[in-house]
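These notes are about the structure you will find just below.
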Amino acid sequence: MTARLASYAWLWLSAVMIALDQWTKAIAVEHLIYAQPVPVLPGLNWTLIHNYGGAFSFLSHQPGWQKWFFLIVASAVTLGLMEWLRRTPRSNWILCLPLSLLIGGAIGNLIDRASLGYVIDFVDVYYQTHHWPVFNVADSCVTVGIVWLICYEIFSKEARTERQNGKP
């Protein structure tokens, strides 16, 4: 493996997250009735939902063009993240890990959107009568990856050094 492609070894994590995401969605589709909550723990239900929009159901009530918009955006972002991963030293796990999570999450939801026209969501977290938007494993990967990258950019000595040296 060449030095330039060494970071792609981190795509194993993306592949595991994609497989976990698709597996859990298949279980949800097989065992849940659409929009019927199944209590798991206080504050947690399994609730099968089809999300035709983006994060927090953004644009979900549009007539269908949003599917293509989100497919294009997710594909472009995934390619950009893969290039960022390729340029990152393989040993820099603190940056490779969140990039791999983001790639896995983006592809997990991209598979749904391309094949079904919507994303399967089923994790319903709530407090009393206030529900967080229903989500899935891919959404969790994206959220953790973004939070990790923000923390990396704020707190990492490496990131500060790169910014001081004019590197993106």
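Under the criterion of Cα pairs below 8 Å and six or more residues apart, the relative contact order for the chain equals 29 percent. Estimated purely from DSSP H runs of n ≥ 4, each contributing -39500 (n - 2.57), the mean residue ellipticity at 222 nm for the chain is -19500 deg cm²/dmol once divided by its residues. Where does helix 65-87 land angle-wise versus the long Cα axis of the chain, in degrees 0 to 90, nearest 10? So the inclination is approximately 30 degrees. Compared with the dominant Cα axis of the chain, that is its longest principal axis, helix 137-155 is turned about 40°. To the nearest ten degrees, helix 11-31 and the longest principal axis of the Cα atoms of the chain are 0 degrees apart.
Label-to-label distance for S156 and Y127 is 3.1 nm, based on points extended 7 Å past Cα in the beta-carbon direction. Considering only L102, L85, G53, the residue lying farthest towards the positive end of the dipole of the chain is L85, judged by Cα position with unit charges set on Cβ.
Scattering from the chain was approximated by placing one identical point on each alpha carbon and applying the Debye formula without solvent; log10 I(q)/I(0) at 0.10, 0.15, 0.17 1/Å stands at -0.43, -0.88, -1.05.
The share of C-alpha pairs in segment 80-147 whose separation exceeds 15 Å stands at 59 percent.
Coordinate-derived values only; no laboratory data. Computed from a predicted model, the values in this text were never measured in an experiment. Because the Cβ atoms are built from the backbone with ideal geometry, glycine has one as well, and the counts that use them run over all protein chains shown.
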